[in-house]
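In what follows, a structure is listed as structure tokens, so that the remarks can point back to it.
The values are calculated or read from the model by the stated rules, or taken from the named source; none is laboratory data. Please read all numbers here as calculations on a predicted model, not as lab measurements. Backbone-built Cβ (ideal geometry, glycine too); neighbour counts: all protein chains shown. In case anyone asks, the SASA skips ligands and DNA or RNA and just uses the protein heavy atoms, side chains included. Shrake-Rupley method; radii C 1.70, N 1.55, O 1.52, S 1.80 Å.
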Amino acid sequence: MKINEIGEFGLIGRIAERFKSLIPQGWEGIGDDCAVIPWGNDRSLAVTTDLLVENVHFLRERITPYDLGYKSLAVNLSDVAAMGAKPVATFLSLGLPAGTVGVEWCDAFFEGYRSFGVPLLGGDTTSSPEGIVINITVLGLAENWRIKRRNAARAGDLIAVTGPLGDSAAGLQAILQHLPPDADTEELIRRHHCPRPHLAEGEWLGAQESVRAMMDVSDGVASDLLHILRASSLAATVRANDIPVSPLLRKTAARKGWDVLEMALAGGEDYVLLLTVDPAHINDLQKRFAERFGHPLYVIGECRTGDPEISYRDTASHFTGFKHF
Ligand code: ADP
Ligand code: MG
């Protein structure tokens, strides 16, 4: 059977099934943004790892080594933020085609990586026959009561995101279409290359009792929300008119004829947080969030009982997120 017949998540499901019986009591493995390992009595380690492959996740000629170092760590830190944890240590393994990657390239990569101020404690370095391969592992730490999981959503919960969606997908379009550089497309490309992991927001939301499920948006809300719905056995309604889109994306999409909603819901790589909130506390949470962070917490829909699927309002379209296979 070919992998694309079962897809990325079919394959991950097979792996999870095979290793389930080996996981110690109280540990949490495959299925959330991070694995959770008890660390003393009151705290846990949240551990995540991600792989970036040249020509799959980035084009070497189109991203500076500094930005690549930044983004490689940013996408991992985002998974730690998604659990409500704080990153404490990282490990980095690199596969480098020695003939085409120089020391200066590596130095700039490490500067971008270092910009978050999280220590690098080890890793591995090998040659690679062709493309650059980057694997990062991040360890986060959190008091147990703060940790948010994908399976904690309840029927009636409101669904929220911590920032606008679609800028990253638009930046990718600008790269792929080789758009002539102007201030707007360069800014969208910057948002694609340098997404800000919502670490402070994640830690703060982790401490809010009214927040139930949480994850980060890496593949697009259309597919990421389904992970929360499957883990929590719920359906959801998402209102297209409530999807937050930056003024820059709205303006650029109008000029280029891009489908804003498709970019916002199916594009991915925005690395904002997606969460569900007890509806009784949403006003208070939104108010305190805006006061604390200076930007809104956007409500985009709600959870309801039903099979895990999303119904879209205010649009006739249906959306799917990024697929690897
Ligand atoms: P994220 O986008 O949050 O990093 P993924 O969608 O990549 O999460 O992965 C979903 C879950 O599957 C995570 O818990 C991840 O650790 C696990 N996973 C993915 N690939 C593998 C693998 N090859 N072996 C074991 N677990 C995996
Ligand atoms: Mg994630």
Review point. Identify, please: which residue in the range 69-89 is more than 16 Å from ligand 2 (Cβ to nearest atom) and out of contact with any helix residue (DSSP H, G or I) (no Cβ under 6 Å at 6 or more places or on another chain) and is, among those, nearest to G123 (Cα to Cα)?
Key: A89
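If you take the residues in the range 232-256 that are in a helix (DSSP H, G or I), of a type in the set (G, A, S) and open to solvent by less than 40 Å² (accessible area, probe 1.4 Å), which one is nearest to ligand 2 (Cβ to nearest atom)? Walk me through how you get there before you give the answer.
Kept after step one, since they are in a helix (DSSP H, G or I), are these residues of the range 232-256: 232, 240-242, 247-256.
Now restrict to residues that are of a type in the set (G, A, S): 232, 240, 253-254.
Checking the rest, the ones that are also open to solvent by less than 40 Å² (accessible area, probe 1.4 Å) come to 232, 240, 253.
On the way: S232: 16, A240: 23, A253: 26 Å.
Only one residue tops the list, namely S232.
Look at A280 and say whether it is within 16 Å of ligand 2 (Cβ to nearest atom), in a helix (DSSP H, G or I) and open to solvent by 10 Å² or more (accessible area, probe 1.4 Å). Step through it out loud before you land on a result.
Details: within 16 Å of ligand 2 (Cβ to nearest atom): no; in a helix (DSSP H, G or I): yes; open to solvent by 10 Å² or more (accessible area, probe 1.4 Å): yes.
So A280 fails the test.
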Review point. Quick one: which of D42, D33 is closer than 30 Å to L188 by Cα and either within 16 Å of ligand 2 (Cβ to nearest atom) or in contact (Cβ under 8 Å) with a residue 60 or more places away in the chain (or both)?
Key: D33
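Looking only at strands (runs of 3 or more DSSP E) that fall completely inside the range 1-118, which ones have 3 or more residues that are open to solvent by 30 Å² or more (accessible area, probe 1.4 Å) and within 16 Å of ligand 1 (Cβ to nearest atom)?
Values: elements: 35-39, 43-53, 86-96.
Counting at least 3 such residues, we get 43-53.
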Study note, to complete from the structure: Scanning the range 206-231 for residues that are within 16 Å of ligand 2 (Cβ to nearest atom) and open to solvent by 10 Å² or more (accessible area, probe 1.4 Å), the one nearest to A152 (Cα to Cα) turns out to be A231
Revision key, fill the gap. Among (1) more than 21 Å from R43 (Cβ to Cβ); (2) among the aliphatic types (A, V, I, L, M); (3) surrounded by fewer than 24 Cβ atoms within 10 Å (Cβ to Cβ); (4) more than 14 Å from ligand 1 (Cβ to nearest atom), A169 falls short only on (3)
Point to revise | Subset of the range 45-60 (residues that are touching a Leu at 6+ places or on another chain (Cβ under 6 Å) and within 13 Å of ligand 2 (Cβ to nearest atom)) | key: V47
Exercise for review: Would you mind telling me which numbered condition in (1) surrounded by 16 or more Cβ atoms within 10 Å (Cβ to Cβ); (2) under 22 Å from L158 (Cβ atoms) E269 fails?
Suggested key: (2)
Practice item. Please work out if R313 is touching a strand residue (DSSP E or B) at 6+ places or on another chain (Cβ under 8 Å) and loosely packed, with under 14 Cβ neighbours inside 10 Å. Key: yes
Review point. Do we find a residue being surrounded by 14 or more Cβ atoms within 10 Å (Cβ to Cβ), over 20 Å from P197 (Cβ atoms) and of a type outside the set (D, E, K, R) anywhere in the range 120-128?
Key: yes
Study note, to complete from the structure: Checked the range 55-75 for anything over 18 Å from R191 (Cβ atoms) and within 19 Å of the chain's Cα centre (by Cα); matches are V56
